[in-house]
Every structure is written in structure tokens, then in C-alpha cells.
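Just passing along the structure, written as C-alpha cells.
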Amino acid sequence: MTMPPVATGSKPRRLLDQVRDKLRTLHDSPRTEDAYVGWIKRYIWFHDKRHPRDMGAPEVETFLSSLATQRGVSASTQNQALSGLLFLYKQVLGVEIGWVDGVTRAKRPERVPVVLTRQEVSLVLQQMQGRDWLMASLMYGTGLRLMECVQLRVQDLDFGYRQITVHNGKGAKDRFVPLPEALVPALQEQVRASDRLLASDLAAGFGEVSMPESLVRKYPRAPFELKWWYVFPASDRSVDPITSRVKRHHIDPSVVQKAMRSAVQRTGISKRATPHTLRHCFATHLLEAGYDIRTVQALLGHRDVTTTQIYTHVLQRGGSAVQSPVDALLGGRAAVRPAIWS
């Protein structure tokens, strides 16, 4: 395994800088960059700072096994680490990775999604207000993922056709989802709030919103136009780690996660509900209402209908599908015997 040749007289870039450069060239998200660089660092430290070009499949296998046996990471975390290492070898080091077939990928456990009833969704939303309520309502009403919601830009909202365009969703796919009629006034007010924030930033000598640098080079004024601004911008400006310019980013997803967690706790609902649960509710409640599974698949952006079919399993678990033997025994009457702990 050899490193790609370096031009004579140029100073070789550090390995992790090469990883970042390649990820940015491929327009991967900052979250992916942080994750991959983090796993590559851990991999190198685990093997006593040996250079990855001097290692291969056995070292990758040993590292991944340690994650499961010593750290007890989940299958998804282990697979993310493997993806980062495969990116390093294939995209950065230019190493032929035919040996990847011998690397064991962890299998994700098959779990049914947590789904709230319509009444439970209503109770949760009643515990939220303002922007948090709007974002939660939007995820429930459209099936958006959390990151798809926080990354919405003003031009993605089509109030005329009552639809939302989701750009570069999971799997780098675009799709349309319905814009709920009931949320139109609140979304229009949210756009006006973004417009006021843009005006305030411009007056302070700023006003630039985060955008892919390839688009900025092509449209230099775009970052200062409302249509490119986030529907849900961050409350504070921040320094872009790539360009070092002060920009306005989108709201941090943790803000919505904390608001959702707090709302669920106040309702007393014992289910482990998160913002992603609202996406599960969207799909399940549409199927309950009689919508075709192919329609739901398209709205969710699933590549394969088998992914969408998990929500039919949720429906089949309902009380109307199977009668419990104890209900048959008691004839539908509530049990009147005192509990053993009373």
C-alpha cells in the first residue's frame, strides 16, 4: 500500500487534512466530516499511531471488534466507524479495497418503531409552543427527518402549490412532501421572522447564510438573499470552520430534541418518543387512514418499499388484529380481583 505521489517541492498535507479536503470536495456534510475524522483518529491511536497505509483488513477487524466487545457500541455506530475507515482507504489513500469483502459488518437489530397515537401526539404538541411547536408539527405533518426540517430554506416552501421540496435528503435524493394547510400562517410568520433577522444582520455588517461554497462561487449574492436563508435560523451568528467568515447557520437540532423530550415528560407518556418518532407517526397514521403504501414510501423518501412495510407491522399489532386470550376468558369485562400488591 503506497501513498499517492506528492508534487516535488510541495509540503505533504497531514493525513486528516487530506480526509477533510476529500470530504469537502465531495460536498459531504460537516457532521459526516466530524464523524469520519473522529473514527480515523481512534483507529490510529488504537494501533499505537501506526500509519493506516501500513495496516489493512486485520487491523480494521481488530478495531471494530474492540468497539463491540470493549466499548459496547451499537451496530449503527460500528458501521459508521467502518464507513469512515473505508473512505480513508479508498478515497484518500487510493488503496484497492478488495479485502473489504472479508470485513464483517455488524447487523442492526430489527426493531419496531415507537409510534404515538393521535391523542398522544396532540398531548405532546400541546406542551410545546412557538418555533418548537411549529417544527414538531411540521415533522408530524410531513414525515420530515429532523435534519431535513432544520435545514429547510425559505425557497423550499411553496405556498402556492402547498408543497415542500426536500433537497439532498438521505441517499442524496430530492422529494416533495405536502405543506400542511393548518401550518401555513405559522410558516409564513416564521419566514417573516427570518426576513427581519436578515435585515438586522445586514444592518450590522453581516447577513451571510451558510451555503455550499460551490454555489457561493457561482452566485456570490445568494447567501445574502432571503430565499436562501434557513426557515429556522440559529439565534446567534457563528464563524464558518471552512471559510472563517461569520455566517448565520440553521438552528441546532439538539434544541428541538430537548424541547420534544421535555414535552413528552410533561405529558406523562411512558413511550421513548423523540423528534424522529413524529416521522413514524406520520407514516403509521397515513396507513391507518387508508393511504397506499407506495404513496407513503414516496413521501418518506424510502428507496425500497420493504423499509416502509415496517409500519404495516405496527398496524398489525393493534388490538383489532388479535384478541388476547384473557379478554376471551373474561368476556371483555374488566378484571375485578385485587392486584397481588394491594
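The values are calculated or read from the model by the stated rules, or taken from the named source; none is laboratory data. The shown structure was predicted, so the numbers you read here are calculated from the model rather than taken from an experiment. All Cβ positions, glycine included, derive from the backbone under ideal geometry; neighbour counts span all protein chains shown. When the accessible area is computed, the model is the full protein with side chains, heavy atoms only, and any ligands, DNA or RNA have been set aside. Shrake-Rupley method; radii C 1.70, N 1.55, O 1.52, S 1.80 Å.
To the nearest 10 square angstrom, how much accessible area does L299 have with a 1.4 angstrom probe?
30
Would you mind counting up the charge near P275? Only other residues with Cβ under 14 Å from its Cβ, with Lys and Arg at +1 and Asp and Glu at -1.
+4
How would you order 226-232, 189-195, 139-145 from highest to lowest mean count of nearby Cβ atoms within 10 Å?
Peptide ranking by packing, descending: 139-145, 226-232, 189-195.
Could you please report the charge total around K90, scoring K, R as +1 and D, E as -1 over all other residues with beta-carbon less than 13 angstrom from its beta-carbon? Before the final figure, lay out the partial values.
Details: positive: K22, R53; negative: E96.
Charge balance in the 13 Å sphere: +1.
Given +1 on the Cβ of Lys and Arg, -1 on the Cβ of Asp and Glu, and no further charges, what dipole in debye does segment 225-277 carry about its Cα centre, rounded to the nearest 20?
220
I'd like the accessible area for K258: 1.4 Å probe, protein heavy atoms, all chains in place, Å² to the nearest 10.
Solvent-accessible area, nearest 10 Å²: 130 Å².
Quick one: which of 196-207, 36-47 comes out on top by average Cβ neighbours within 10 Å, and what's the full order, highest first? It would help to have the intermediate numbers written out before the result.
Working: 196-207: 14.1, 36-47: 17.5.
Order by mean packing, descending: 36-47, 196-207.
A follow-up question, please. For segment 166-276, what % of the accessible area comes from carbon and sulfur atoms, probe 1.4 Å?
Of all accessible area on segment 166-276, carbon and sulfur atoms account for 55 percent.
Then there is this: Given a 1.4 Å probe, how much area per residue of segment 13-61 is accessible, in Å²?
About 60 Å² of surface per residue is accessible.
Compute the distance from the alpha-carbon center of segment 8-80 to that of segment 235-295, in whole Å.
Their Cα centres are 29 Å away from one another.
With all protein chains present and a 1.4 Å probe, how do S66, S74 order by accessible area, largest first?
S74, S66
Could you list, in their original order, any pairs among K22/K227; K227/K258; K22/K170; K49/K258; K22/K49; K90/K247 whose Cα atoms are separated by more than 31 Å? Walk me through the numbers before you get to the answer.
On the way: K22/K227 29 Å; K227/K258 28 Å; K22/K170 20 Å; K49/K258 38 Å; K22/K49 22 Å; K90/K247 33 Å.
In this structure, K49/K258; K90/K247 exceed 31 Å between Cα atoms.
Same structure again: Give me the one-decimal nm value for the distance between modelled label points at S65 and T243, 7 Å along each residue's Cα-to-Cβ direction.
4.7
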